[in-house]
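Student: Could you have a look at this structure, given as structure tokens, before my questions?
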Amino acid sequence: HRWLTAADSLAQSSANLAGLSTTLDSLFALAQTYRSETLTSDKRTLLLNQARLVASTINDTAGGIKSLRDGVNSQTRYAIANINRLSESIAAHQSADAVSQAGLDSLLKQLSDLVDITVSSEDDGRLNVLLGGQVALVSGGKAYGVSASAEKPDGTIRLLDSSGRDVTQNVSDGKLGA
């Protein structure tokens, strides 16, 4: 997913991961230094504090990654809602008596900004709009919605067509493109 806010968050998560690496290195170096010594109370406290810092850094990193995933998933659901709204508008626009080509072109442009679409005309002039060249969004003047699946265990969302079939792989361009 190509989201500017996601990229910013990812950069921050990368910084957290670099901090984790440094923190772990410090913990291991401290443990190595003390490995053959009898630990005094002060040294034990220092080692435990370093271990707490590692745990805190891991928690911060995990929280940052979860926040990033939640943000991307939220934006994905918003984009899917817009895809469905635009598909409905395109279908309704074609049913209107006075079809404005400029209005239809605008709707198609907005939709193509979200996902890769292929547009073809039927003999009666109605448009077919296919997501990724294969999945009907508009056909014969009727809109076919897409939806987001429940999140997989790894936190990703799958894109489903109107029959519930996973069509995530059909999305390669636009804001939802992989």
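The values are calculated or read from the model by the stated rules, or taken from the named source; none is laboratory data. Only a predicted model underlies this, so the values are computations on that prediction, with no experimental measurement involved. Cβ atoms come from the backbone with ideal geometry, glycine included; neighbour counts cover every protein chain shown. These accessible areas exclude ligands, DNA and RNA; they are computed on the full protein's heavy atoms, side chains included. Shrake-Rupley method; radii C 1.70, N 1.55, O 1.52, S 1.80 Å.
Student: Go ahead and run the numbers for FRET between Gln169 and Ala62, Cβ-Cβ distance against an R0 of 35 Å, rounding to 0.05. If you can, show how the numbers build up before the last one.
Tutor: On the way: r = 29 Å, r/R0 = 0.82.
After rounding, the FRET efficiency stands at 0.75.
Student: With the Cα gyration tensor of segment 68-116 in hand, give its eigenvalues times 5 under a square root as the equivalent ellipsoid semi-axes, listed largest first in whole angstrom.
Tutor: On the way: eigenvalues 147, 20, 6 Å².
After diagonalising the Cα gyration tensor, the semi-axes are 27, 10, 6 Å.
Student: Right, something else. Which percent of the accessible heavy-atom area of segment 91-144 goes to carbon and sulfur, probe 1.4 angstrom? Write out the running numbers ahead of the final one.
Tutor: Working: 1290 of 2770 Å².
The value for segment 91-144 is 47 percent carbon and sulfur by accessible area.
Student: Also, quick follow-up: State, to one decimal in nm, how far the label point of Thr118 lies from the label point of Thr40, with both points 7 Å from Cα in the Cβ direction.
Tutor: The modelled label-to-label distance comes out at 7.6 nm.
Student: Can you tell me the order of 37-45, 22-30, 138-146 when each peptide is scored by its average per-residue count of other Cβ atoms within 10 angstrom, highest first? Before the final figure, lay out the partial values.
Tutor: Values: 37-45: 9.8, 22-30: 14.0, 138-146: 18.2.
Highest mean packing first, the order is 138-146, 22-30, 37-45.
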